[in-house]
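Bear in mind that the values in this text are calculations on the coordinates, not laboratory data. Everything quoted here is computed from the prediction, not taken from an experiment. We place every Cβ from the backbone using ideal geometry, glycine too, and count neighbours over all the protein chains shown.
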Amino acid sequence: MSMIDVVRSSVNTWECDQMGHMNVRHYFGRADAGLSTLALALGLSPSTLRSAGLRLRAHEQHVRFNREMRPGTAYTVSAGVLEQSPQALQVYEEIRMVGRSEIAAAISSQVTLVDVASEQRGLFDNATLQRAQALRTELPAHGAPRGIELTPPRDPPPRRDDASAQRMTGAYLGPVLPEDCDAYGQMTEAAFMARISDGIAHFFRAVREGLRPDGVGGAALEYRYLFHHRPRLGDVIEVRTGLKGLGNKTLHMCHWVFEVESGRCVATSEAVAVSFDLTARKAVAIPDDIRAGMLLHVVPGLSI
C-alpha cells in the first residue's frame with residue numbers, strides 16, 4: 001500500500017462525548033484535514049487553491065469505526081488513492097493509534113475539485129493525476145462496507161416534505177455556526193456529522209420512549225454520507241432521522257439534512273450503531289421489550 005501520513009495528532013478531552021471516547025464528528029474532521037495535506041502532496045497547495053477559488057470537496061464518504069479512541073490517545077492519519085480520473089479521486093484514509101498498531105477508523109471519500117463560488121466541479125490536470133498514481137493503494141478488508149450496502153442514491157434527493165410524510169423524527173434544528181464552516185464560510189463534512197450527533201438524543205427519546213438504562217451508551221459502527229449542497233454561515237438547517245431496521249445489537253438509521261429556508265436536502269446519511277456497555281466497553285443486545293416498541297417506528301424502504 002503506497003500511503004503517506006497526512007495528520008499526526010492526539011485525542012483531547014474536549015473532543016470526547018458522554019461515552020468517554022472521541023466523538024464521531026472529530027473522525028470526520030481529521031479525515032477532512034487529511035485531504036488538505038494530501039492535496040499538497042498532489043501539487044495542489046493551499047495558496048494555489050486559494051488564488052484560484054478552488055478546494056477539494058468530498059461528495060460521498062463511507063466510514064468504518066473499528067476502535068474507540070480515549071483521551072490522550074496519539075494517532076496518525078494516512079492516505080492513498082484508490083481510483084483516479086480527471087473528474088474525481090477516490091481517496092482512502094486510515095486513522096491508526098500510535099503504539100498499538102490498531103486501526104481506529106477507515107474512511108473512503110469521493111473527492112472532486114470544486115469552484116467555491118459557483119459550486120461547479122472542475123477537472124484534475126495530468127500533473128495531479130500523475131502524482132495520484134504514485135499514491136495508489138488498495139481498499140483493505142477493514143475499510144470495506146459491512147453493514148451498509150452502497151446502493152445508488154435517491155434521484156432526486158428527498159425534500160423536507162418527504163421527511164414529514166415518512167414520519168422521520170425532528171432531530172437537530174439551528175443555524176450554521178462559525179465553527180461549522182471552512183475558510184470560505186461553507187459547512188464542512190465534520191459539521192454535518194456534528195449536527196447529526198447533537199440531534200440524536202431527540203431521535204432516541206422518540207423511538208425508545210425514554211432514556212437508555214444507566215451504564216449504557218451508544219457507539220457508531222459505520223456511516224455513509226452523500227453531500228448534495230454546502231450550507232453557508234447563518235443558514236438554518238434541520239436533521240430528520242428515521243429508523244430503517246434493527247438487528248440483535250444494531251440499529252440501522254437514515255439521516256436527512258435540510259436547509260430550512262429552501263426546503264432542499266443538503267446531505268443524506270445512513271448509519272449502523274449499537275448500544276454500548278460503558279463498563280465492559282462492548283456492544284450489548286437490544287432488550288426484547290425495547291425492541292418491540294422500536295419496531296413500531298421502523299420506516300419501510302427508507303434510503304438515502
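Observations on the model:
- Selected from Thr188, Thr76, Thr151 as most flexible by GNM, with the chain as the system and alpha-carbon contacts under 10 Å: Thr151
- Across the stretch 142-256, Cα-Cα pairs more than 17 Å apart make up 62 percent of the total.
- Summing charges over all other residues whose Cβ lies under 15 Å from the Cβ of Gly43, with Lys and Arg as +1 and Asp and Glu as -1, gives +2.
- The ranking of Trp256, Trp14 from fewest to most other beta carbons within 10 Å of each one's beta carbon is Trp14, Trp256.
- Calculated Cα extents along the principal axes in Å (choose from (1) 59, 48, 33; (2) 77, 48, 29; (3) 68, 62, 38), label: (1)
- In range of the label at Gln133: residues from the stretch 10-47 whose backbone nitrogen is under 15 Å from the point 7 Å along Cα→Cβ: none
- Dividing the convex hull volume of the alpha carbon atoms of the stretch 1-144 by its residue count gives 112 Å³ per residue.
- Residues in the stretch 151-175 reached by a label modelled at Val260 [backbone nitrogen below 13 Å; 7 Å Cα→Cβ]: 170-175
- Taking amide H as placed 1.01 Å from N in the peptide plane, Cys16 has its amide H under 5 Å from the amide H of Asn23, each at least 5 places away in sequence or on another chain.
- A simple charge model with +1 on the Cβ of Lys and Arg, -1 on the Cβ of Asp and Glu and nothing else charged puts the dipole of the chain at about 340 debye relative to its Cα centre.
- Rh (Kirkwood; distinct C-alpha pairs) - the stretch 1-61, Å: 13.5 Å
- Given the chain, longest segment not containing exposed loop GluC sites (Glu not before Pro) (DSSP; at most 14 other Cβ within 10 Å): 1-118
- Intensity falloff of the stretch 210-269 expressed as log10 I(q)/I(0), Debye formula with alpha-carbon point scatterers, at q = 0.17, 0.24, 0.27 Å⁻¹: -0.72, -1.01, -1.14
- Nearest-0.05 FRET efficiency for Ala41 and His228, computed from C-beta distance (R0 22 Å): 0.20
- Result for the chain in a Gaussian network model with C-alpha springs under 10 Å: among Ala171, Ala280, Ala219, the largest mean-square fluctuation is at Ala280.
- Student exercise, the stretch 1-144 dipole from Lys, Arg, Asp, Glu Cβ charges, in Debye to nearest 20: 220 debye
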